[in-house]
Amino acid sequence: MEYQEILYEIEDRILTITLNRPDKMNAFTVRMFNELMDAFDQADADDSVRAVIVTGAGRAFCAGADLSMGAATWDGDDSTFDFDISKGDTGGRLTRRIFDCTKPVIAAINGSAVGVGLTMTLAMDMRLVSNKAKLGFVFAARGIIPEACSSWFLPRLVGISQALEWVYSARIFNGEEALRAGLVRSVHEPEEVYVEARKLALEIAVNTSAVSVALARQMMWKMLGADHPVEAHKLDTRGIFALGASADAKEGIESFLEKRTPNFTDKVTKNMPDFYPWWKGRDYE
């Protein structure tokens, strides 16, 4: 796919996806959705990619849905967005794709992020934000509801009371409030957000097994809905048994004993355990 509304750049085993409509504050469109879906497919298929950073071009991260069609924005066949009841809305399809990604995903929120511009980051693993950014779950002020599976993600990240306060009020808040609530990892000067995100991504890329990280990512996220810790125990057991005899497990021990940086060789595209992906078979798959 030719990308027109995002940039796709790999350096030092880190993929940077940049929302690239700076003149429109990177407002979300169907085109951007399709490009992001393709980009995450490409990231999963490329074993050279060890971590993904998502950021925005210009002064904003994402101003939310492109409302240039005015009142027709959400209106059926004339919608700016692709509403297919058999597949779900575009925001939800994107967050579910990120949720299933095999690579760690870091949001470098370089500027304001509201609506889908913020909900799309909830399926990402860490969020770093600019101290100049304005954030908001503004849906109730637009006469709609939170989308992109945010009713599942947001309470798990910040608790039900804080989630409801932000959603009910639809108010704009800053990075410091987001930090206190646990929504973001850290707050930085605008020019430092991406720099700090790269440091975090490099720490992952240099020191860890791609297969270990991919499996751990899915185990952590999927276990958020488990009814009992025994479900995690079952999955842990299968994972340890499968990975314990791997080349990466041997290299992890040998590099530790030899006090050197590991050289992991197992690949996510070839060496994931047989029971992966165990969660498939749901609606919309």
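Details
- Applying 0.36 nm per residue to the separation of ARG180 and VAL30 and subtracting their alpha-carbon distance, the gain on full extension is 50.7 nm.
- The residues ASP66, ASP47, when put in order of fewest to most other Cβ atoms within 10 Å, stand as ASP47, ASP66.
- Counted residue by residue at 0.36 nm each, then reduced by the alpha carbon distance between them, the extension gain from ALA170 to VAL230 reaches 17.8 nm.
- Were the residues from PHE256 through ASP46 laid out at 0.36 nm apart, the gain over their Cα-Cα distance would be 72.9 nm.
- If you plug the beta carbon distance of GLU191 and ASP23 into 1/(1 + (r/R0)^6) with R0 = 35 Å, you get a FRET efficiency near 0.95.
- Database remark: amide H of SER112 closer than 5 angstrom to the amide H of PHE61, LYS134 (H placed geometrically; neighbours at sequence offset of 5 or more, or on other chains; Pro and chain starts carry no H).
- Note on ALA140/VAL206: beta-carbon distance plugged into 1/(1 + (r/R0)^6) with R0 of 35 Å gives a FRET efficiency of 0.20.
- Legend: distances between Cα atoms for LYS103/LYS199; LYS199/LYS222; LYS234/LYS280; LYS132/LYS199; LYS87/LYS270; LYS24/LYS134; pairs beyond 23 Å are LYS199/LYS222; LYS87/LYS270.
- Of all aspartates and glutamates in the structure, the ones whose alpha carbon falls short of 18 Å from that of LYS250, not counting any fewer than 8 places away in one chain, are GLU258, ASP266.
- Using the rule -39500 (n - 2.57) for each DSSP H run of four or more residues, divided by the residues of the chain, the 222 nm mean residue ellipticity is -12500 deg cm²/dmol.
- When the chain is treated as a GNM with alpha-carbon contacts under 10 Å, the residue of LYS250, LYS234, LYS103 showing the greatest mean-square fluctuation is LYS234.
- The label-point distance for ILE240 and ILE10, in a model that sets each label 7 Å from Cα toward Cβ, rounds to 3.4 nm.
Values quoted throughout were computed directly from the atomic coordinates according to the rules given, and no laboratory measurement underlies them. Source: prediction; values computed, not measured. Neighbour counts run over all protein chains shown; Cβ positions are idealised from the backbone, glycine included.
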